[in-house]
1. List every residue whose amide H lies under 5 Å from the amide H of residue 106, counting only residues 5 or more places away in sequence or on a different chain, with H placed 1.01 Å from N in the peptide plane.
2. Hey, what does the equivalent ellipsoid look like for region 74-117, semi-axes from the Cα gyration tensor as sqrt of 5 times each eigenvalue, largest first, whole Å?
3. Work out from phi, with θ = phi - 60° and the Karplus expression 6.51 cos²θ - 1.76 cosθ + 1.60, the ³J(HN,Hα) of each residue of region 95-109, listed in order in whole Hz, and give x for Gly and Pro.
4. Quote the Stokes-Einstein diffusion coefficient, in whole µm² s⁻¹, for region 21-64, based on the Kirkwood radius over alpha carbon pairs, a temperature of 20 °C and a viscosity of 1.002 mPa s.
5. Which of the listed residues, 137, 65, 85, is farthest toward the dipole's positive end in the chain, when Lys, Arg count +1 and Asp, Glu count -1 at the beta-carbon?
6. So what does residue 145 come to for accessible area, using a 1.4 Å probe and Å² rounded to 10?
7. What three numbers, in Å, describe the spread of the alpha carbons of region 117-162 along their principal axes, ordered from the longest?
8. Compute the acute angle (0 to 90°) between the alpha-carbon long axis of helix 16-27 and the principal axis of greatest extent of the alpha-carbon atoms of the chain; round to the nearest 10°.
Amino acid sequence: MSESIEKYSFMENLDRTDRKILELLQQDCRITIKELSEKLHLTNTPVYERVKKLERSGIIKNYVAVLDPEQIERSMVVFISISLTKHTRDVVEKFESEVLALPEVMEFYITSGNFDAMLKIMVKDMNAFQHFIQEKLSKFEYLTRFNSTFVISSSDKIGYDL
């Protein structure tokens, strides 16, 4: 059985308690087992075991801190759609690894349609965006064209509804 089928089957088998654990962890990944237990009206041991099972299964991939973009001077969000000269696995993988190494790049997607890839970047302002385009992005030899879409406003939703 493939890994994705196993994860899908596991996800289908999540009960109400597992889903509540995931919801609470998405709200605050620093919540303690004791606090989780209190909110779920369970003892510590079964809650601990459930969290470990969710981690081992890969449903919980990582625990992260969500930063305030204003506080770290990255409040300008831009999506950049990109066309590549070649679509070979080597070119795409090389481009992905090199572009993800740039501190401005938050997310990378392979896409279909008019463009081959999409980046989500976060920069301080238009000057920082211009610097990113001229000094970093334009230096990739296999990039043929790109289109930038500037985010005017956003509504953050952290986590998934289960």
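The values are calculated or read from the model by the stated rules, or taken from the named source; none is laboratory data. What you see is a predicted model; the values in this text were computed from it and never measured. Using ideal geometry, Cβ is built from the backbone for each residue, glycine included, and neighbour counts are taken over all protein chains shown. Side chains are part of the model used for accessible areas, which takes the heavy atoms of the whole protein and leaves out ligands, DNA and RNA. Shrake-Rupley method; radii C 1.70, N 1.55, O 1.52, S 1.80 Å.
1. Residues meeting the amide H criterion: 120, 121, 122.
2. 20, 14, 7
3. 4, 4, 5, 6, 6, 5, 6, 6, x, 6, 7, 9, 9, 9, 9
4. 205 µm²/s
5. After comparing all options, I get 65.
6. The accessible area comes out at roughly 120 Å².
7. Principal extents (Cα only, largest first): 42, 24, 14 Å.
8. Once rounded, one gets 50 degrees.
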